[in-house]
Amino acid sequence: MIAAVASALTLLLAGSPEAEVAAMTPREKAQAVVVAGMPASAGFAGVLVRQWNTELARPRGSLVFADQEGGLVKTFAGIAPFGAASSYRSSTEAYAAGRQTAAALRAAGVHADFAPVLDLSDGPLGSRQFARPEYGVAFARGLGKAACAKHFPGLGSTPESTDEARVYGIVRSQDLTPFRAAVRAGVPCVMVSHAIYPRLGPRRASLEPATYRLLRGLGFRGVAITDSLGILGSPYAPYWARLAIEAGADLVLTTSARDAQRMANALVPLARTGALDAKLVRVVRYRRSLGVGRG
């Protein structure tokens with residue numbers, strides 16, 4: 001009887017995300033929480049396709065991400081969305097654009113879009129921001145499983161983009177509102193900002209445990225990914241990756257294939273302790289929801 005129960009449990013668990021993670025080596029686990037720039041070898045969680053490498057072969061088994069916001073930020077110039085975020089005048093229009101974008105990205109072999117920008121319109125990103133937060137949430141609903149909302153907890157209070165400078169912000173209740181709504185709408189992925197919010201701690205939000213506690217406190221159960229760690233300085237990318245993972249990130253992003261391998265190397269010790277396992281279960285579930293299995 002006991003043997004029969006044990007056998008049944010083994011069969012039940014064989015295809016589970018937990019079983020998949022348990023079968024991975026520490027190095028495989030370390031690579032599986034890193035999203036790399038192209039060109040990249042197989043084994044990373046995913047790759048980021050950019051305007052100048054859309055035709056490169058993508059590693060088998062990798063999640064494929066793109067920055068397809070519309071307007072000034074489009075990996076694929078010739079496909080939806082055809083307007084900047086600021087151009088939408090209704091939730092219906094934004095939702096339709098999100099659906100059109102998701103379909104176009106699927107046709108281009110892209111699984112997930114680093115969009116929508118849910119930073120409020122008083123922020124520094126200009127036309128990348130929606131006129132009203134509900135339009136951004138509608139765009140996310142249109143993207144569906146392909147959505148990865150950014151830049152939590154919001155850049156509305158910051159004076160400049162984190163791509164341009166080291167910036168400080170304030171965590172305002174109104175900044176959290178669109179993220180809370182997106183979480184309720186089922187957004188599966190959220191990108192965390194590199195701005196500094198003193199309420200959350202002295203380091204970049206992507207490196208602060210309080211940021212991820214705040215995000216999870218909204219009810220988010222999906223995958224949290226950092227903004228590109230290259231912004232913080234390539235020489236220290238492995239250090240930033242470890243800090244971000246220890247703080248609560250599930251995935252760490254870099255636009256550099258070389259830095260991706262260095263980051264993975266730095267995460268192997270954490271993998272050996274089991275510190276990546278719960279994150280990887282979320283990542284595996286996310287991958288499966290997008291139809292991506294291990295290569």
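Computed from the coordinates by the stated procedures, all read-outs in this text should not be read as laboratory data. All values reported here derive from a predicted model rather than from experimental measurement. Glycine gets a Cβ as well: all are built from the backbone with ideal geometry, and neighbour counts include every protein chain shown.
With the charge dipole of the chain set up from +1 on Lys and Arg Cβ and -1 on Asp and Glu Cβ about the Cα centre, the Cα lying farthest toward the positive end among the listed residues Gly61, Tyr168, Ala237 is that of Gly61.
Sorting 42-49, 257-264 by average packing, meaning the other beta carbons within 10 Å per residue, from highest down gives 42-49, 257-264. Simple point charges give the picture: +1 on the Cβ of Lys and Arg, -1 on the Cβ of Asp and Glu, and for segment 20-289 a dipole about the Cα centre of about 720 debye. Note on Ile170, Ile79: ascending count of other Cβ atoms within 10 Å places them as Ile170, Ile79, the fewest first. Applying 0.36 nm per residue to the separation of Arg288 and Ser127 and subtracting their alpha-carbon distance, the gain on full extension is 54.6 nm. Of the chymotrypsin sites (Phe, Trp or Tyr not before Pro) found in segment 186-275, none is in coil by DSSP with at most 16 other Cβ atoms within 10 Å of its Cβ. Each residue, Ala42 and Ser173, gets one label point 7 Å from its Cα in the Cβ direction; the gap between the two is 5.2 nm. Placing pseudo-labels 7 Å out from each Cα toward the beta carbon at Arg27 and Ala257 gives an inter-label distance of 1.8 nm. In percent, rounded to a whole number, the relative contact order of segment 61-160 is 33, using alpha-carbon pairs under 8 Å and six or more apart. Largest mean-square fluctuation among Ala108, Ala94, Ala23, in a Gaussian network model of the chain whose springs join Cα atoms under 10 Å apart, belongs to Ala23. In this label model, Arg184 and Val268 are separated by 4.7 nm, measuring between points 7 Å along each Cα→Cβ vector. Give me the net charge for the shell around Pro269: Cβ to Cβ below 13 angstrom, other residues only, Lys and Arg +1, Asp and Glu -1. Computed value for this residue: +3.
In the chain, helices alone account for a calculated mean residue ellipticity at 222 nm of -12000 deg cm²/dmol, with every DSSP H run of four or more residues adding -39,500 (n - 2.57).
Build a GNM of the chain with springs between Cα atoms under 10 Å apart, and of Gly274, Gly156, Gly61 the one that fluctuates most is Gly274. Build a GNM of the chain with springs between Cα atoms under 10 Å apart, and of Leu56, Leu232, Leu120 the one that fluctuates most is Leu56.
For the chain, give me the percentage of DSSP beta bridges that are antiparallel, rounded to the nearest 5 percent. Here the share of antiparallel DSSP bridges comes out near 10 percent. Taken about its Cα centre, segment 221-267 carries a charge dipole of roughly 80 debye when the Cβ of each Lys and Arg holds +1 and the Cβ of each Asp and Glu holds -1. For Lys29, the lysines whose Cα comes closer than 24 Å to its Cα, not counting residues fewer than 8 places off in the same chain, are Lys145, Lys279.
Put in line by how crowded their Cβ is, counting other Cβ atoms within 10 Å and starting with the fewest, Phe76, Phe82 read Phe82, Phe76. The equivalent ellipsoid of segment 142-186 has semi-axes of 23, 14, 6 Å, largest first, where each one is the square root of 5 times an eigenvalue of the Cα gyration tensor. Eigenvalues of the alpha-carbon gyration tensor of segment 113-153, scaled by 5 and square-rooted, set the equivalent ellipsoid semi-axes at 17, 10, 8 angstrom, largest first.
In the chain, taking the dipole from charged Cβ atoms about the Cα centre, the farthest positive-side position among Ala30, Ile196, Tyr135 is held by Ala30. Computed over the chain, the alpha-carbon pair-distance distribution with 10 angstrom bins reads 7, 29, 36, 21, 5, 2, 0, each value a whole percent. Relative to the longest principal axis of the Cα atoms of the chain, the long axis of helix 257-273 lies at roughly 50 degrees. Global size of segment 14-136: 16.9, 50 Å for Rg and Dmax (C-alpha atoms, Rg to one decimal, Dmax whole). The GluC sites (Glu not before Pro) found in segment 87-191 that occupy coil by DSSP, while having at most 12 further C-beta atoms within 10 Å, are Glu164. Roughly what angle does helix 237-247 make with the longest principal axis of the chain, taking Cα atoms, 0 to 90 degrees, to the nearest 10? Result, in degrees: 80. Taking the charge dipole of segment 199-290 about its Cα centre, with +1 at Lys and Arg Cβ atoms and -1 at Asp and Glu Cβ atoms, the residue from Ala247, Val284, Tyr212 reaching farthest to the positive side is Val284.
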